[in-house]
Each structure stands twice: as structure tokens, then as C-alpha cells.
């Protein structure tokens, strides 16, 4: 049986990571996993509503965003950043981060529509994938701090 603590320590030393950097890397990985789940939720809900229910892209995108917001705020609060603050304190801050991301997402969606880039799948994918870096920085250093 492998000693998990010994394996983690050997990996940390082998990569030259300090405990602080390793903790930050773990946080970034958790952010990616939660964000990936939220992005998949956004994409699938928006695409499903657009393609199956026939909703306009902007309406479907709003619904996808709203659903993904719930996945994000809960995952980031309780797992990614393990915030010591109440959810009610971080919710408005993360809401501001999410609205910023949502506006950016819709700007890019509108640009893809105006420019005629790809089919609806490509348009929604661009809108859903464009803002993770901005969201991480704002979440890490403000929303969940």
C-alpha cells in the first residue's frame, strides 16, 4: 500500500514546490474542476434550451448562466476556496464577479453572432469559455477573501 503523505511529499520535493505553492496549485485545480463543471452546466443548459426548446441564444445563454452560477458559488465557497465567511457574505461578491463574467460572455456571444463565426455550438462555447481567468483572480483575491 502506498503512503499518500509520503507520495505527496516526494512529488512536492521533486517539483520544487513549497507548501504554499502546492496549496495554491491545489486551489487552482479545484477552481478548474468546479469551473469546468459550471461551464459544462452552462453550455449544456444553454445549448439544450436553444436547440431543443427553440429559445433565442441570448435567452438560453441567460438560463445556462443562472444554472451554472449555483454550481459555481456553492463549489467555490465550500470546496475551492473553503471560505471561512458565511455564504451570505460571499454571495454578493461572487455575484458581482459572475455578472462581470456574464457581461463579458454576452459581449463575446454578440460578437460571434455579428461576425457570423461558426454555428450555435461554437458561439455558445466561446461565450461560456472566455472568462475563467478573470473569474479566478477576482474570486481568489476578493470574492472569497
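FYI, it's all coordinate maths here, none of it is from the lab. Note that this is a predicted model, so its numbers are computed, not measured. All Cβ positions, even for glycine, are placed from backbone atoms using ideal geometry, and neighbour counts span all protein chains on display.
Details
- Flag for residue 36 being free of Cβ contacts under 8 Å to residues at least 60 places away in the same chain, loosely packed, with under 15 Cβ neighbours inside 10 Å and within 9 Å of the chain's Cα centre (by Cα): yes
- Count of residues meeting criterion [in contact with a helix residue (DSSP H, G or I) (Cβ under 7 Å, 6 or more places away or on another chain) and outside any loop (DSSP other than H, G, I, E, B)] in segment 64-99: 20
- Residues (surrounded by 17 or more Cβ atoms within 10 Å (Cβ to Cβ) and either part of a loop (DSSP other than H, G, I, E, B) or at positive phi (or both)) located in segment 102-120: none
- Subset of segment 121-141 (residues that are assigned to a helix (DSSP H, G or I) and touching a helix residue (DSSP H, G or I) at 6+ places or on another chain (Cβ under 6 Å)): 123, 124, 126, 127, 128, 132, 135, 136, 138, 139
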